[in-house]
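Data first, discussion second: the structure below is written as structure tokens.
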Amino acid sequence: MFTNDSPTRAEIDAFRARKVALVTGISGQDGSYLAELLLQKGYRVHGIIRRSSSFNTARIEHLYSNPVTHSENSNFKLHYGDMTDSSCLMKLIASIQPSEVYHLAAQSHVKVSFDLPEYTAEVDAVGTLRLLDAIHACGLTKKVRFYQASTSELFGKVQEVPQKETTPFYPRSPYAAAKLYSFWIVVNYREAYDMFACNGILFNHESPRRGETFVTRKITRSVAKIALGQQDQLQLGNLNARRDWGHAKEYVEAMWRILQHDRPDDFVIATGKNYTVRKFVELAFKEIGRTIV
């Protein structure tokens, strides 16, 4: 804790040396991999999960149930919270006093955002503002390093190829529009309050922990069922759509590296290579010894 609003350099360095991270969206694909990475690096990790009548912690169950990482004095703790509840976020920031905040929570499905545009805006846009404002209200703007998981959907109707940090944004969905606000409010807090706040514009990244509604998991699950004789066809949309696919484990390390920089900035995280959905399907079927035409 600080004794005044203008801590010395030594006080700030000592504060950050505590290595306490708060991760929103910790039960998701990226959050679970990030939690593992931070624990390996010696962090105390706090995660926010939503209260639900059904269990939604499958991706972090091995951390939550491990007595080494989760006990009374453990390095891994979960807290109930929601990006739509500013008072809750304020209390968590005040009690945890994190040195780094990784904001990954979002309603991240493009199609769903058209069905739930208002909810998407509340969580993805205003939710980021609530979290930043909680940090500011707790007097931690110059002590906390903040990462916001942005998205390549910001580029939408592509203005240039390849896209980079200076490529103009052209969002084409309620999800992308909400994340556009989120991106710029992070920049605003960085400039207005001299806050170490960064955006990571992530292109597609996959893993076995990817949500089952996303195209890569639709493909792999269907191919597995076809191989087992439980399904006889795979239905997809545009097979010629091109995507830049990376691996989630590598992308969460990039998130961590962004917050270790000397100065805050915004970064595009991508492989620089793109493939068609058809190519992904071909490679998946090749794994079970089948060829598609």
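The values are calculated or read from the model by the stated rules, or taken from the named source; none is laboratory data. As the structure is a prediction and not an experimental result, all values here were calculated from the model. Cβ: placed from backbone, ideal geometry, glycine included. Neighbour counts: every protein chain shown.
Listing for the model above:
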read-out: Subset of the range 255-264 [outside any helix (DSSP H, G or I) and surrounded by 15 or more Cβ atoms within 10 Å (Cβ to Cβ)]; value: LEU259, PRO264
read-out: Filtered residues of the range 110-144 (kept if in contact with a Pro (Cβ under 8 Å, 6 or more places away or on another chain), farther than 15 Å from ASP85 by Cα and part of a helix (DSSP H, G or I)); value: SER113, PHE114, PRO117
read-out: Qualifying residue in the range 204-211 (condition: out of contact with any strand residue (DSSP E or B) (no Cβ under 7 Å at 6 or more places or on another chain), under 18 Å from ILE26 (Cα atoms), without any contact (Cβ under 8 Å) to a residue 40 or more places away in the chain and of a type outside the set (Phe, Trp, Tyr)); value: yes
read-out: So THR271, is it among the β-branched types (Val, Ile, Thr), within 22 Å of the chain's Cα centre (by Cα) and part of a loop (DSSP other than H, G, I, E, B); value: yes
read-out: Qualifying residues in the range 211-263 (those that are small (Gly, Ala, Ser) and farther than 30 Å from GLU100 by Cβ) - the one farthest from the chain's Cα centre (by Cα); value: GLY229
read-out: Leading residue by the ranking (farthest from ASP115 (Cα to Cα)) among those in the range 152-175 that are of a type in the set (A, V, I, L, M, F, W, C) and within 22 Å of the chain's Cα centre (by Cα); value: PHE169
read-out: Residue list for the range 83-113, restricted to those being touching a residue at least 12 places away in the same chain (Cβ under 8 Å) and among the hydroxyl-bearing types (Ser, Thr, Tyr); value: THR84, SER86, SER99, TYR102, SER108, SER113
read-out: Residue check, ASN199 within 26 Å of GLY28 (Cα to Cα) and either of a type outside the set (D, E, K, R) or outside any loop (DSSP other than H, G, I, E, B) (or both); value: yes
read-out: Selected residue [under 25 Å from GLN107 (Cβ atoms) and in a helix (DSSP H, G or I)] from LEU180, LEU236, LEU283; value: LEU180
read-out: All positions within the range 88-102 that are of a type in the set (A, V, I, L, M, F, W, C), out of contact with any Gly (no Cβ under 9 Å at 6 or more places or on another chain) and within 19 Å of ALA35 (Cβ to Cβ); value: ILE93, ILE96, VAL101
read-out: Residues of the range 216-237 satisfying the condition of being surrounded by fewer than 19 Cβ atoms within 10 Å (Cβ to Cβ) and hydrophobic (A, V, I, L, M, F, W, C); value: ILE219, ALA224, ILE226, ALA227, LEU228, LEU234, LEU236
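Residue-wise test of (1) over 28 Å from ASN204 (Cα atoms); (2) part of a strand (DSSP E or B); (3) at pLDDT 95 or above.
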{"site": "SER71", "(1), (2), (3)": "yes, no, no"}
{"site": "SER74", "(1), (2), (3)": "yes, no, no"}
{"site": "LYS77", "(1), (2), (3)": "yes, yes, no"}
{"site": "THR84", "(1), (2), (3)": "no, no, yes"}
{"site": "TYR102", "(1), (2), (3)": "no, yes, yes"}
{"site": "ALA105", "(1), (2), (3)": "no, no, yes"}
{"site": "SER108", "(1), (2), (3)": "no, no, no"}
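Okay, residues lined up against (1) loosely packed, with under 15 Cβ neighbours inside 10 Å; (2) in contact with a strand residue (DSSP E or B) (Cβ under 8 Å, 6 or more places away or on another chain):
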residue: ALA121; (1), (2): no, no
residue: ARG130; (1), (2): no, no
residue: ASP133; (1), (2): no, no
residue: GLN148; (1), (2): no, yes
residue: LEU154; (1), (2): no, yes
residue: VAL158; (1), (2): yes, no
residue: PRO171; (1), (2): no, no
